[in-house]
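The next block holds one structure in the form of structure tokens; read it before the comments.
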Amino acid sequence: ARVEGLRQAKDRLATSLVWVCFLLAVVPLVSLLWETIARGIKVLDGAFLSHSMAGVLTIQPGGGVYHAIIGTLEQVGIATAIAAPIGLLTAIYLVEYGRGRLAKVVTFFVDVMTGIPSIVAGLFILSLWIIMLDFSYSGFAGSMALAILMMPVVVRSTEEMLKLVPNELREASLALGVPKWRTILKVVLPTAIGGITTGLMLAIARIAGESAPIVLLVFGSQVINNDPFEGAQSSLPYYIYEQWANGNDASYDRAWAAALVLIAFVMILNLVARAIARWKAPKTGR
């Protein structure tokens, strides 16, 4: 403060605090990533990615994660097919049409669902779909629980993106006699499509690592099950839990390798979201 002045000293102090907080946040992240790579790379190869655990003893090395990858892709895909249109249409209603008590009620329940624990969604589907309606454990049951967790994220992200669309674009379209539904379809959504897609990809990444509802509803399987609507099915989070619970070195190696595959899957989704956001970002140049 004496050398550079009080204002410059405060600026340096604030900058230093920001860097310290940044380093404190990065250190555990880098440590986790390094530990996962170091342990997971031991057994991660082509055979691990292309084989299941059928006929493999838990205490023996070998086996793979192919059946869990298939289960994760199918379960997340079905959950996205359920949650994405519902979340998108709900956000359009809240931004473009919602003005009364119903809109306030919908907003309230979306806020409540945003903070709901994943185990609660799993218990709801378990009690309704399996206990009351007497359906069997399946990948589809897990997908419905994942869709419940995904919907509020899609609604919130889409709602914020639609609010960023300038009202002048809507007014110009309406002034030309274009119906409101067509204005939303042809003007509002294309303008916000980059942010909407990014929010959707981040919501997918969020549910891809959920384990609690999968443990309750999917029930796990050692073999490849390509039918998510019939029979037990595995997934990457369940596979990691299952292998770690076996309590031997070979299972630990498989669990770390599956964790590395899951991290790579989520990382790819985030990179795709960033690429789409940059591709669809408004051009600032002339």
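The values are calculated or read from the model by the stated rules, or taken from the named source; none is laboratory data. Here the structure is a predicted model, which is why all the values come from computation and not from measurement. Don't worry about glycine lacking a Cβ; one is built from the backbone with ideal geometry, like all the others, and counts go over all protein chains shown. Accessible surface areas use protein heavy atoms only, side chains included; no ligands, DNA or RNA. Shrake-Rupley method; radii C 1.70, N 1.55, O 1.52, S 1.80 Å.
Dipole size in debye (nearest 20) for the range 108-265 around its Cα centre, Lys and Arg Cβ +1, Asp and Glu Cβ -1?
So the dipole magnitude of the range 108-265 works out to roughly 640 debye.
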Between GLU35 and ASP111, what is the label-to-label distance in nm when each label sits 7 Å out along the Cα-to-Cβ direction?
3.7 nm
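Go through 12-22, 170-180 and give me the packing order, highest mean Cβ count within 10 Å leading.
Taking the mean over residues of other Cβ atoms within 10 Å, the ranking is 170-180, 12-22.
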Using the alpha-carbon atoms, what tilt in degrees (0 to 90, nearest 10) does helix 236-246 show relative to the longest principal axis of the chain?
40 degrees
In what sequence, largest accessible area first, do GLU74, GLU159 appear using a 1.4 Å probe?
GLU74, GLU159
How large is ³J(HN,Hα) for each residue in the range 11-23, as worked out from phi by the Karplus curve 6.51 cos²θ - 1.76 cosθ + 1.60 (θ = phi - 60°), to whole Hz, x for Gly and Pro?
5, 5, 5, 5, 5, 5, 5, 5, 5, 5, 5, 4, 5
Can you compute the helix-only [θ] at 222 nm over the chain? Use -39500 (n - 2.57) per DSSP H run of at least 4 residues, normalise by all residues, nearest 500 deg cm²/dmol.
-23000 deg cm²/dmol
Only residues of the range 77-111 count here: report those whose backbone N is under 19 Å from the spot 7 Å along Cα→Cβ of PHE135, or say none.
77-87
Spin-label pair ASN226/ALA54, simplified geometry with 7 Å Cα→Cβ offset, distance in nm
1.1 nm
Take SER118, SER50 and sort them by solvent-accessible surface of the protein heavy atoms, 1.4 Å probe, largest at the top.
SER50, SER118
